[in-house]
Amino acid sequence: MERTTIKDIAKECGVSLSTVSLVLNNNPRISEKTRGRVLASVKRHSYQPNIHARGLASQTSQALSVVVPHLNHVFADIYFGEIVSGIYDRATEKGYKVVLDVANHKFVESHEYLNLLKSRRADGMLFIASSIDDRYLLEFENSSYTFLLVNHFYPGSSLNYLGVDYKDSARQAADHLVGLGHRAIGIIAGTNTHTGLDFRDAFIARCKHLGLQAQDLPWADGGREWSQEGGYEAAQQLFARHEGITAIMAGNDRLAIGAMSFVNKRGLRVPQDVSVMGVDDIPQASFTAPALTTIRHELYQMGEVACERMLALFRNEISSCHEVLPVKLVVRDSTGPARKA
């Protein structure tokens, strides 16, 4: 039996080839009546579209470029894994493939970030958690290509972005720790992202508003990897300078887990001697000993929403995206009342 073609579907439904292609690509311009007729024919004939032909007919590659930073073992990282999973699942649901890249030296120097879109190998690019040094991405500000920063932004830039509300995360975290009576709080944060700097500065500002002084809020750089090792080393630096610390606020859960490890090695108890708090609520956070208090960032959901916004931008359903998602305090066992002097 001959394979059903897109021409057969178009002829049976009395529509053009481009109309069938638009229906298969979920284009909103097609009426529900026509969409239903075409999809019914597709189902009846068990039609399997030629992806390449679909792309040519609809001027779309049916693929999205997803780029992650050049970090050690980045694909094993749960933070990036959750976001990429959300993007992938929603893209697949919408009939899109995902092209995954790492922003290493070759990727940047060869301008692959532009070539992917120029050559129409991807309809748009989602760049996850770029750093403050990735200023080459500002080339997308005045370009016609569809581009979205995921969980990062550039102050003063018009680049499209979607992330979580780091300032509200900082406010909720500060309220929690100061509410427990902590008056000497060490801060661990990476300084290579604007979101990290935003969190650190907003946390300090909120603590000052609640009555703490600048000298009560020492901080240490957790490194560009935002890793457990970075958290351990930063906690070591904090205690070397400020032995009276009763709490540590880490910019993500991995830094917090590293800090907890140092506190334990120092012979102190969490939270009886030192409370430790993180950000993100990665799956590991609820299985630490004690379980980690954190600010929940719905990373998988962020990936899903980022994919939706990317497709809306590509289809001109929205003209821009500058959006932050809500966050939630999750209180577990790693924070408690400040110890008495």
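Please treat every number below as a calculation from the coordinates, not as lab data. All figures in this text were calculated on a predicted structure; none of them were measured in a lab. We place every Cβ from the backbone using ideal geometry, glycine too, and count neighbours over all the protein chains shown.
Quick look at the values:
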quantity	calculated
Helix 166-179 axis, angle to the chain major axis (alpha carbon atoms, nearest 10°)	30
Between region 145-167 and region 63-112, the alpha-carbon center distance in angstrom	16
Whole-number D in µm² s⁻¹ for region 216-341, Kirkwood Cα-pair radius fed into Stokes-Einstein, 37 °C, 0.692 mPa s	207
Mean Cβ count within 10 Å, highest first, over the residues of peptides 184-191, 195-202	184-191, 195-202
Highest average packing first - 220-231, 64-75, Cβ atoms within 10 Å	220-231, 64-75
Cβ-placed point charges (K, R +1; D, E -1), dipole of region 86-226 about Cα centre in debye, nearest 20	160
Within region 166-297: Cβ-based charge dipole about Cα centre, in debye rounded to nearest 20 (Lys, Arg +1; Asp, Glu -1)	220
Relative frequency of Cα-Cα separations exceeding 20 Å in region 110-236, percent	54
Estimated 222 nm signal from helices in the chain, with DSSP H stretches of n ≥ 4 weighted -39500 (n - 2.57), rounded to 500	-12500 deg cm²/dmol
Helix 228-241 axis, angle to the chain major axis (alpha carbon atoms, nearest 10°)	30
Between helix 32-44 and the chain: long-axis angle, C-alpha atoms, 0 to 90°, nearest 10	80
Rg to Rh, two decimals, where region 17-147 supplies the alpha carbon set and Rh follows Kirkwood	1.05
Long-range Cα-Cα pairs in the chain (distance over 27 Å), rounded percent	52
Lysine pairs in the chain with Cα atoms under 25 Å, if 8 or more residues apart or on separate chains	19
Sequence of CYS207, CYS13 once ranked by neighbouring C-beta atoms within 10 Å, starting from the fewest	CYS13, CYS207
Loop sites in region 96-149: GluC sites (Glu not before Pro), DSSP, at most 12 other Cβ within 10 Å	GLU141
